[in-house]
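What follows is a short report on a single structure.
The values are calculated or read from the model by the stated rules, or taken from the named source; none is laboratory data. Since the model is a prediction, treat every value here as computed from it, not as a measurement. In this analysis, Cβ positions are derived from the backbone assuming ideal geometry, glycine residues included, and neighbour counts consider all displayed protein chains.
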Amino acid sequence: MKITINGGHYPGRDSGAVGPTGLQESDVNCDLMSRVANYLRAVDCDVLEVQENTLSQITDASNRFGADLFISIHCNAAVDTNAKGTETYCYELGSDSEKLAACIQQQIVSSIGTADRGVKTGNFFVLRIANCTAVLVETAFISNKDEEILLADEAKRDQLAAAIARGITDYLSLG
Ligand SMILES: [Zn+2]
């Protein structure tokens, strides 16, 4: 099973969203990507970690690798600093991607206790262009001060990564 894990944005070039105390989304995504990849390698998945500055570099690398699954990891942000919770995107409902999204969403909200904003459709380039089952996870809101604290916490990040990895293996066990 070949799985691409993409940490969204690119440290040093594209920070992504920035939290109230300055936590940068690209750094959180990078750390989550490595942790998820390690959990998946521990159960014998063949994992490509990719974090690049342009979206086509990401999808090109993943498609060259021949990924069966593609998971892009992000932190959410909103002008409303009270917005919080987890949501997972697929390109279209009724697809295998929706099933994968539901498995990951379920594992995160049940193990971290974040608000369940559900599985949604999103017209994201990486989901459209990945030639495989593909989802984008918005783990929590870096723009919310409580969730920024969660995202900055090493132990919480590890729990989040483990939850994402379990969501992926749950999906694989659906057969
Ligand atoms: Zn992002």
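If you scan the range 134-149, which residues turn out to be surrounded by fewer than 22 Cβ atoms within 10 Å (Cβ to Cβ) and not charged (D, E, K, R)?
149
Might you check whether a residue that is within 16 Å of the ligand (Cβ to nearest atom) and acidic (Asp, Glu) occurs anywhere in the range 60-78? If you could, list the steps in order and put the result at the bottom.
Residues of the range 60-78 within 16 Å of the ligand (Cβ to nearest atom): 70-78.
Going one step further and asking which of them are acidic (Asp, Glu), we end up with none.
No: the range 60-78 contains no residue that is within 16 Å of the ligand (Cβ to nearest atom) and acidic (Asp, Glu).
Residue-wise test of (1) within 16 Å of the ligand (Cβ to nearest atom); (2) closer than 21 Å to residue 33 by Cβ; (3) touching a Phe, Trp or Tyr at 6+ places or on another chain (Cβ under 9 Å).
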| residue | (1), (2), (3) |
| --- | --- |
| 92 | no, no, no |
| 96 | no, no, yes |
| 99 | no, no, yes |
| 106 | no, yes, no |
| 110 | no, no, no |
| 149 | no, yes, no |
| 159 | no, yes, no |
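Tally up the residues in the range 119-136 that are assigned to a strand (DSSP E or B) and within 14 Å of the chain's Cα centre (by Cα), please. Let's see the steps before the verdict.
At the first step, the residues of the range 119-136 found to be assigned to a strand (DSSP E or B) are 119-121, 133-136.
When the remaining residues are screened for being within 14 Å of the chain's Cα centre (by Cα), the result is 119-120, 133-136.
The number of residues fulfilling the criteria is 6.
Which numbered condition in (1) touching a strand residue (DSSP E or B) at 6+ places or on another chain (Cβ under 8 Å); (2) farther than 22 Å from residue 94 by Cα is the only one that residue 158 fails?
The failed condition is (1).
Out of 78, 67, 102, I need the residue that is in contact with a Lys or Arg (Cβ under 7 Å, 6 or more places away or on another chain) and among the aliphatic types (A, V, I, L, M). Which one? Before you say what the answer is, go through the steps one by one.
Working: 78 fails: in contact with a Lys or Arg (Cβ under 7 Å, 6 or more places away or on another chain); 102 fails: in contact with a Lys or Arg (Cβ under 7 Å, 6 or more places away or on another chain).
Exactly one of 78, 67, 102 is in contact with a Lys or Arg (Cβ under 7 Å, 6 or more places away or on another chain) and among the aliphatic types (A, V, I, L, M), namely 67.
Which of the following residues is of a type in the set (Ser, Thr, Tyr) and in contact with a Ser or Thr (Cβ under 6 Å, 6 or more places away or on another chain): 62, 56?
On the way: 56 fails: in contact with a Ser or Thr (Cβ under 6 Å, 6 or more places away or on another chain).
After ruling out the rest, the residue left standing is 62.
For residue 157, state whether it is at pLDDT 95 or above and charged (D, E, K, R). Even if it seems obvious, please write down each step before you answer.
On the way: at pLDDT 95 or above: yes; charged (D, E, K, R): yes.
Judged against the criteria, residue 157 is a match.
Could you grab me the full set of residues in the range 5-55 that are within 12 Å of the ligand (Cβ to nearest atom), of a type outside the set (A, V, I, L, M, F, W, C), assigned to a loop (DSSP other than H, G, I, E, B) and touching a residue at least 40 places away in the same chain (Cβ under 8 Å)?
Once the filter is applied, which keeps residues that are within 12 Å of the ligand (Cβ to nearest atom), of a type outside the set (A, V, I, L, M, F, W, C), assigned to a loop (DSSP other than H, G, I, E, B) and touching a residue at least 40 places away in the same chain (Cβ under 8 Å), the range 5-55 yields 8, 9, 16, 51.
State the number of residues belonging to the range 32-42 that are over 11 Å from residue 74 (Cα atoms) and surrounded by 19 or more Cβ atoms within 10 Å (Cβ to Cβ). Steps first, answer last, please.
Within the range 32-42, the subset over 11 Å from residue 74 (Cα atoms) is 34-42.
Keeping just the survivors that are surrounded by 19 or more Cβ atoms within 10 Å (Cβ to Cβ) gives 35-37, 39-40.
Count: 5.
Name the residue, out of 102, 67, that is among the small types (Gly, Ala, Ser), under 16 Å from residue 137 (Cβ atoms) and assigned to a loop (DSSP other than H, G, I, E, B).
On the way: 102 fails: assigned to a loop (DSSP other than H, G, I, E, B).
Step by step, each of 102, 67 is checked, and only 67 is among the small types (Gly, Ala, Ser), under 16 Å from residue 137 (Cβ atoms) and assigned to a loop (DSSP other than H, G, I, E, B).
Say we look at the range 94-120 and pick out the residues that are touching a Cys at 6+ places or on another chain (Cβ under 6 Å) and either in contact (Cβ under 8 Å) with a residue 60 or more places away in the chain or not acidic (Asp, Glu) (or both); which of these is surrounded by the fewest Cβ atoms within 10 Å (Cβ to Cβ)? Give the steps one after another, and end with the answer.
At the first step, the residues of the range 94-120 found to be touching a Cys at 6+ places or on another chain (Cβ under 6 Å) are 97-98, 101.
Within this subset, residues satisfying the condition of being either in contact (Cβ under 8 Å) with a residue 60 or more places away in the chain or not acidic (Asp, Glu) (or both) are 97, 101.
Numbers: 97: 26, 101: 31.
Only one residue fits best here, namely 97.
Return the residues of the range 137-175 that are farther than 18 Å from residue 7 by Cβ, among the small types (Gly, Ala, Ser) and assigned to a helix (DSSP H, G or I); say none if nothing qualifies.
Result: 155, 173.
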